[in-house]
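Everything on this sheet refers to the single structure shown next.
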């Protein structure tokens with residue numbers, strides 16, 4: 001007799017990988033073998049591209065697909081359009097992907113003949129995947145009085161065919177129908193492709209509304225149509241790990257590259273922490289980031305992610321600060337990744353950063369201006385969740401992260417409540433301006449450091465050819481003067497004699 005564990009193992013759904021790993025993650029492991037799915041979306045959202053992309057991925061694995069259509073587009077025209085995508089391989093047709101039009105059979109002989117055609121094609125082709133493009137057009141050929149019943153019967157027959165032959169069926173439709181419609185209540189999975197034509201930030205989104213027996217990643221996931229086909233970017237906070245850094249000592253510190261700042265922080269930046277360097281324009285935020293990145297070693301490689309400055313400009317800026325970054329960039333010890341600020345959606349940006357950290361093994365990660373870049377891509381609540389989840393993923397990879405974030409206040413701000421970083425980061429360094437008589441000076445103030453005491457005094461600083469230099473705190477100067485004064489009053493001290 002099988003044990004309960006054996007029974008559970010045998011009851012697990014056999015999975016059908018789509019060839020799009022990110023889509024499989026969203027689906028909770030891929031399509032279920034022998035299940036029936038609806039892929040819905042308005043014209044132009046990429047349904048046909050997605051279906052063909054999946055078919056060609058199966059062909060690459062030696063599996064067969066059957067592509068039936070009720071659409072008017074000719075296959076030669078479809079192939080011409082698909083030819084612009086990397087996955088298209090004409091040599092796979094017809095042996096591994098067989099295309100057939102079911103429209104003449106439905107038009108001339110009716111729904112029963114259509115079912116008979118499908119059964120015949122399945123027996124002859126033995127596919128593991130069946131795509132039915134435009135299947136809702138069947139309703140146009142049914143008696144209006146019996147349309148719903150006939151359509152339910154048709155879907156039931158399709159579902160039985162899929163289960164009996166262990167075929168995964170993907171039904172494509174342009175129609176925007178009610179969630180209570182028969183196709184959504186009877187099928188195993190429902191995927192929607194959405195083209196959001198917002199005037200400020202047009203975007204494409206994929207939603208899995210239903211997937212029986214699967215723990216799906218909920219929410220709207222960005223995708224774009226490019227030469228590989230559909231490129232899907234799951235919401236970065238979906239399934240994000242808890243913030244557990246790689247095994248490091250609780251007291252481990254990373255040098256910031258600025259001696260005075262390390263002293264203020266009690267020995268450097270805590271390893272596996274996240275730091276926000278915030279301040280107005282021109283206050284030195286990128287300079288701090290360059291110092292941190294320039295501290296890279298083979299054991300502590302660095303990644304500098306920016307959105308405006310090119311790698312050449314950052315290397316030149318570092319040279320002006322006395323930081324010889326060029327040899328480290330050439331050796332790969334420090335890598336610079338520039339992401340265009342216009343074009344990528346928020347999750348695509350996040351996954352590009354995660355991929356770069358994974359590939360480089362970076363332990364020092366500087367992300368220069370992420371919040372400003374992403375502010376137009378998400379509301380404040382979503383942006384805060386995104387930033388927190390991104391940091392969790394990077395910290396779990398062993399990174400110590402330094403963000404820069406611009407705030408509007410030139411002088412010491414009275415409130416930082418509007419910032420998305422402050423509730424989620426471990427350490428906060430505020431760079432700001434202060435009036436000193438008729439002069440304006442830069443000042444640096446630590447607002448918090450995770451699990452550590454730190455110097456609460458603000459310090460004036462200068463940006464020089466030798467980098468960012470912090471002056472002694474006013475409190476330190478007063479204490480030093482008091483010590484000298486006390487020593488001068490001691491008999492035999494020798495001070496002032």
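The values are calculated or read from the model by the stated rules, or taken from the named source; none is laboratory data. This structure is a prediction, so every number in the text was calculated from the model and none was measured. Note that each Cβ is placed from the backbone with ideal geometry, even for glycine, and that neighbours are counted across all protein chains shown.
Worth a mention:
- Options 244, 192, 237; residue that is within 22 Å of the chain's Cα centre (by Cα) and at pLDDT 90 or above: 192
- Leading residue by the ranking (farthest from residue 174 (Cα to Cα)) among those in the range 128-152 that are in contact with a helix residue (DSSP H, G or I) (Cβ under 8 Å, 6 or more places away or on another chain) and assigned to a loop (DSSP other than H, G, I, E, B): 128
- Residue match in the range 350-370 (condition: free of Cβ contacts under 8 Å to residues at least 60 places away in the same chain and assigned to a loop (DSSP other than H, G, I, E, B)): no
- Looking across the range 394-426 at every residue that is buried (at least 22 other Cβ atoms within 10 Å of the Cβ) and not in a loop (DSSP other than H, G, I, E, B), the one that is modelled with the lowest pLDDT is identified as 405.
- Among the numbered conditions (1) within 29 Å of the chain's Cα centre (by Cα); (2) touching a residue at least 12 places away in the same chain (Cβ under 8 Å), the only one that residue 114 does not meet is (1).
- Among the numbered conditions (1) more than 31 Å from the chain's Cα centre (by Cα); (2) buried (at least 17 other Cβ atoms within 10 Å of the Cβ), the only one that residue 163 does not meet is (2).
- Residue list for the range 108-127, restricted to those being within 13 Å of residue 67 (Cβ to Cβ) and either outside the structural domain of residue 58 (by TED's automatic domain parsing) or in a loop (DSSP other than H, G, I, E, B) (or both): 127
- Looking across the range 53-107 at every residue that is in a helix (DSSP H, G or I) and touching a residue at least 60 places away in the same chain (Cβ under 8 Å), the one that is surrounded by the most Cβ atoms within 10 Å (Cβ to Cβ) is identified as 55.
- Near pairs, Cβ below 7 angstrom, 6+ apart or cross-chain, from the range 139-168 (assigned by TED's automatic domain parsing to the domain that holds residue 183 and more than 21 Å from residue 123 (Cα to Cα)) to any residue that is crowded, with 16+ Cβ neighbours inside 10 Å and modelled with pLDDT of 85 or more: 141/106; 141/111; 142/111; 150/111
- In the range 371-393, of all residues being touching a helix residue (DSSP H, G or I) at 6+ places or on another chain (Cβ under 7 Å), without any contact (Cβ under 8 Å) to a residue 60 or more places away in the chain and in a loop (DSSP other than H, G, I, E, B), the one that is nearest to residue 25 (Cα to Cα) corresponds to 378.
To keep it simple, each residue is scored yes or no on (1) at pLDDT below 90; (2) under 28 Å from residue 203 (Cα atoms).
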position: 2; (1), (2): yes, no
position: 15; (1), (2): yes, no
position: 23; (1), (2): no, yes
position: 26; (1), (2): no, yes
position: 59; (1), (2): no, no
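- Taking the listed residues 349, 339, the one that is within 28 Å of residue 239 (Cβ to Cβ), buried (at least 21 other Cβ atoms within 10 Å of the Cβ) and at pLDDT 90 or above is 349, with no other qualifying.
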